[in-house]
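Remarks on the structure that follows.
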Amino acid sequence: MKMKSTHKKLMLIGSTINPVHIRNFYHLIEGYFDEVVIVGTHEVDFCKSISIDFRIKNPLKLNQSVRQLRKIMIEFNPTIVHVHQANSFGYITSLANKGRYPQVLTTWGDDVLIFPNKNFLFRRLARTSLLSSDAITADAEIMKKAIHQFIGYKPVEVINFGIELQNSTNIPKENILYSNRLHDDLYNIHHIIRGSVSFLHANPAWKLRIAGKGSNTEALKQQVHDLKLEDRIEFVGFLAPAENLENYMKSKIYISIPNTDGTSISLLEAMAYGCLPVVSDLPANREWISDGDNGIVVQDLNLEKALERALQLNPSNVAAKNLKIIESKATKKSNRTKFVAIYERLLNR
């Protein structure tokens, strides 16, 4: 390891093609380090950044990326390297670093829950990433369990990125079903649309509002067109944080039914701002939602029945319970403290 320095420097590595998660994490730990550089797939506008190719299909380009990242590391001389995802990002970082600098790995979900089960390559990427890191974090107990089943016991700390609570008491709730996950197969937006049809017909005062974009956006819009529901289902695209927050505050029901997930920051935000959560039956979701108590857990993607059950809950009681949960477990302040403790431990060893 390199000698300790009083000037704390972070190299933050991860996907920046859509930098929302990296941005959220950067703002979470902002101010602790004297200097931060982000190395990702694309440059960003909120921090000093460098882009390199993290694809691994071409061995020659892979070796080039490892050498390029190693050169960036040596020139920047970080006190901590923090990489996000146990996939090609963690793999290339591990090969470039080789123990020179303390390395923290934050897993996101698919990288430990799904991809290692696909083939040898994904298993190698994840195993190298996990075994090469000095500290590992996951945002759900199910991810921690999956890591232990995969590589054996190694300390894993359960931490999420947290949310910043804002005052929402002055914004009245409206009859809105709100979805803001990416428009990719994993997130089942097409099931949300299909499962909302009966609800919207039975409740003409309600609308479905779909934020976000993705590879399926045009197909989803065509689906709504074919259903002749353009006046009841609206697409609002990627929203700025303030606009997304406003939609949480206005919406009565929040829907998120991906096939797999870790702790979703979107779910935590929806809970904080009084939405009644309707979520898929996943272990990570059940760490936050008790079916029929503070939300609805969707069985077998049967959203029609789930929405009917949601209307039977007392929204004020649900909002009060969820706010209490968020205040105790999911604020930025509490989770920043946990990440800082990891950095302090690595810097002082």
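Bridgeable lysines around Lys173 (alpha carbons under 18 Å apart, same-chain partners fewer than 8 residues away excluded): Lys207, Lys250, Lys252, Lys321.
Quick check on the exposure proxy: order Ser215, Ser256 from fewest to most C-beta atoms within 10 angstrom.
Values: Ser215 10, Ser256 23.
The order, fewest Cβ neighbours first, is Ser215, Ser256.
Computed over the chain, relative contact order equals 14 percent, with contacts defined as Cα pairs under 8 Å that lie 6+ residues apart. Summarising the amide proton neighbourhood of Val39: residues at separation of 5 or more, or on other chains, whose placed amide H is nearer than 5 Å comprise Leu12, Ile13, Gly14, Ile50. Please sort by residue number the trypsin sites (Lys or Arg not before Pro) in segment 209-267 whose DSSP state is loop and whose Cβ has at most 13 other Cβ atoms within 10 Å. Hits after loop and neighbour filter: Lys228. Under the combined filter of DSSP loop state and at most 13 neighbouring Cβ atoms within 10 Å, segment 113-171 retains these trypsin sites (Lys or Arg not before Pro): Lys118.
Given +1 on the Cβ of Lys and Arg, -1 on the Cβ of Asp and Glu, and no further charges, what dipole in debye does segment 175-305 carry about its Cα centre, rounded to the nearest 20?
Details: 12 positive and 17 negative charges, 69 e Å.
In debye, rounded to 20, segment 175-305 gives about 340.
When only C-alpha pairs under 8 Å and at least 6 residues apart count, what is the relative contact order of segment 174-329, in percent?
That works out to 24 percent.
Within the same chain, aspartates and glutamates fewer than 8 places from Lys48 are excluded, and of the rest, those with a Cα less than 20 Å from its Cα are Glu30, Asp34, Glu35, Glu75. I need the chymotrypsin sites (Phe, Trp or Tyr not before Pro) found in segment 223-274, filtered to DSSP loop residues with at most 14 other beta carbons within 10 Å of theirs. Passing both the DSSP loop test and the Cβ count: Phe238.
What share of the DSSP beta bridges in the chain is antiparallel, in percent to the nearest 5? Antiparallel: roughly 0 percent of the beta bridges in the chain.
From Cα pairs below 8 angstrom and at least 6 apart in sequence, can you work out the relative contact order of segment 188-268, rounded to a whole percent?
On the way: 47 pairs, mean separation 28.4, N = 81.
Value for segment 188-268: 35 percent.
Legend: residue pairs Lys98/Lys333; Lys98/Lys154; Lys57/Lys98; Lys98/Lys329, Cα-Cα distance threshold 30 Å; pairs beyond threshold, Lys98/Lys333; Lys98/Lys329. Each 10 Å bin, from zero up to the one with the longest distance, holds this percent of the alpha carbon pairs of the chain: 5, 24, 32, 23, 12, 3, 0. Across every direction, the projection of the convex hull enclosing the Cα atoms of segment 227-337 has a mean area of 7.9 nm². Excluding the site residues themselves, the longest part of the chain lacking any GluC sites (Glu not before Pro) in a DSSP loop with at most 14 other Cβ atoms within 10 Å is 44-163.
Bear in mind that the values in this text are calculations on the coordinates, not laboratory data. This structure is a prediction, so every number in the text was calculated from the model and none was measured. Cβ sites come from the backbone with ideal geometry, for glycine too, and all protein chains shown count toward neighbours.
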